[in-house]
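K.L.:
My structure is below; once you've seen it, I'll send some questions.
The values are calculated or read from the model by the stated rules, or taken from the named source; none is laboratory data. Remember, predicted model here, so these are calculated numbers, not experimental data. Here the Cβ positions follow ideal geometry from the backbone for every residue, glycine too, while neighbour counts run over all protein chains shown. These accessible areas exclude ligands, DNA and RNA; they are computed on the full protein's heavy atoms, side chains included. Shrake-Rupley method; radii C 1.70, N 1.55, O 1.52, S 1.80 Å.
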Amino acid sequence: MDWKALPSLAALRAFDALARAGSLSAAGRDLNVTHAAVAQHLRALEDFFGETLATRDGQAMRLSDTGRELATALGEGFDRIGEGVARIVDRKANRPVVVTLTPSFAETWLMPRIGGFWAAHPEIEIRLAPTNALADLRRDGIDLAIRFGAGDWPGCESDPFDMSRFVVVAAPGYTAARSLDALLAGQAHTWFFSAAASEQRVWGEAIGVDFGAERLRELPSNALVLGAVRAGLGLAVQSRTLVAPDIAAGTLVALHEDDARGLGYFIVTRPGVLSPGARRFVRWLKTAAGQATLPQT
């Protein structure tokens, strides 16, 4: 298409609005411009075609034969554009919301709660992508991530989601100690860490655990870490959010609890506008996190 052979697109849009609305003032309201601006576009088109396209008829505008011919062509064209745009918008609005998060968070926090979202929004499909890897949101087509850290991921927007405290946990019969001092004063212990959770070591060092004098075992995932600790094989440092169900059920006991030291779970998105489904899911996540807040002891 030779765009240079066409009049101004803004002028064509103004004339289409004039033909549909029937007056300069009504067309101006539809386009959020003054009626004088619409009249200026009309004069520009009449100069371009060398013909009268519309004349005033009281408060209304009457189209000439050429004006009606142009209005028909523009109406068909703009309607088709509108239909195409609507299809794309609807497709984006109705596509699954892709969420990446760690397997441990998905299993321990999200899955026991997500039934509430499904019941409230059966029309929105949530596609979970559990992984310990740091996904590229744009490259991998991900709408949002739930990540643990300090909220400083480059090129992303981070919104604090759950800044829960951390705890040192063990199976109920693992040790008689019920405080950190008593725990560290005794024999060396085995501490389990997830290879994908560097914050666990940071927390441990912050509370004075000498990992040079302790036995350390690194496992591929936090789910394996929790499995080992539940089995009474040692200790772990965990976000309270992840172990709250175990503590409540009595399968784990908290031997020490402390401030998260700036680390927590964040809702991470790409810069820009979220799809309607993703916005609803983010609102639900924040509500669910608020309802799940536990007393800090």
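K.L.:
What's the local net charge at Leu18, with K and R +1, D and E -1, over the other residues with C-beta under 13 Å away?
P.N.:
+3
K.L.:
Considering the Cα trace of segment 151-267, what is its radius of gyration and what is Dmax, both in angstroms?
P.N.:
Rg, Dmax (Cα atoms, Å): 14.2, 47.
K.L.:
If you count only protein heavy atoms and use a 1.4 Å probe, how large is the accessible surface of Phe78, to the nearest 10 Å²?
P.N.:
Approximately 60 Å² of Phe78 is accessible to the 1.4 Å probe.
K.L.:
Add +1 for every Lys or Arg and -1 for every Asp or Glu among the other residues with Cβ under 13 Å from the Cβ of Gly212, and state the total.
P.N.:
Net of charged neighbours comes to -1.
K.L.:
For Leu180, project a label point 7 Å along Cα to C-beta. Then give me every residue of segment 204-229 with its amide nitrogen under 16 Å of that point.
P.N.:
Only 204-212 fall inside the zone, counting backbone N under 16 Å.
K.L.:
Beyond 18 Å, how much of the Cα-Cα pair distribution for segment 64-140 remains, as a whole percent?
P.N.:
That fraction is 64 percent.
K.L.:
Dividing the Cα radius of gyration by the Kirkwood radius, what Rg/Rh value follows for segment 229-275?
P.N.:
1.16
K.L.:
Relative to the longest principal axis of the C-alpha atoms of the chain, give the angle of the C-alpha long axis of helix 65-94, reported between 0 and 90° and rounded to the nearest 10°.
P.N.:
Around 10 degrees separate the two axes.
K.L.:
Further question on the same structure: Tell me, what is the percent relative contact order of the chain, built from C-alpha pairs under 8 Å that lie six or more residues apart?
P.N.:
It comes to 20 percent, rounded to a whole number.
K.L.:
Next question, about the same structure. Hey, what angle do you get for helix 35-49 against the long axis of the chain, alpha-carbon based, 0 to 90 degrees rounded to 10?
P.N.:
Helix 35-49 sits at roughly 60 degrees to that axis.
K.L.:
Heavy-atom accessible area of Thr72 with all protein chains present, probe 1.4 Å, nearest 10 Å²?
P.N.:
80
K.L.:
Also: Could you tell me the distance between the Cα centroids of segment 172-203 and segment 223-247, to the nearest Å?
P.N.:
For segment 172-203 versus segment 223-247, the Cα centre distance is 11 Å.
K.L.:
Using the alpha carbon gyration tensor of the chain, what are the three equivalent-ellipsoid semi-axes (square root of 5 times each eigenvalue), largest first, in whole Å?
P.N.:
Square roots of five times the eigenvalues give 65, 17, 16 Å.
K.L.:
Give me the percent of Cα-Cα pairs in segment 11-129 that sit more than 24 Å apart, rounded to a whole number.
P.N.:
Of the Cα pairs, 51 percent sit more than 24 Å apart.
K.L.:
Let me check something: with ligands and nucleic acids excluded, how do Ser8, Ser104 order by accessible area (1.4 Å probe), largest to smallest?
P.N.:
Result of the area sort, largest leading: Ser8, Ser104.
K.L.:
Let me have the 222 nm mean residue ellipticity of the chain computed from DSSP H runs of 4+ only, each contributing -39500 (n - 2.57), with the sum over all residues rounded to the nearest 500.
P.N.:
So the calculated ellipticity at 222 nm is -13000 deg cm²/dmol.
K.L.:
What per residue convex hull volume, in Å³, do the alpha-carbon atoms of segment 102-223 yield?
P.N.:
Hull volume normalised by residue count: 145 Å³.
K.L.:
With a Cα-only, solvent-free Debye model of segment 44-100, what are the log10 I(q)/I(0) values at q = 0.17, 0.19, 0.28 Å⁻¹?
P.N.:
Taken in order of the listed q values, log10 I(q)/I(0) reads -0.70, -0.78, -1.06.
K.L.:
Does anything in segment 202-225 have its amide N under 19 Å from the 7 Å Cα→Cβ label point of Asp152, and if so which residues?
P.N.:
Under cut-off, by backbone N: 202-206.
K.L.:
When Lys and Arg each count +1 and Asp and Glu each count -1, what net charge do the other residues less than 13 Å away from Arg280, Cβ to Cβ, add up to?
P.N.:
Charge balance in the 13 Å sphere: 0.
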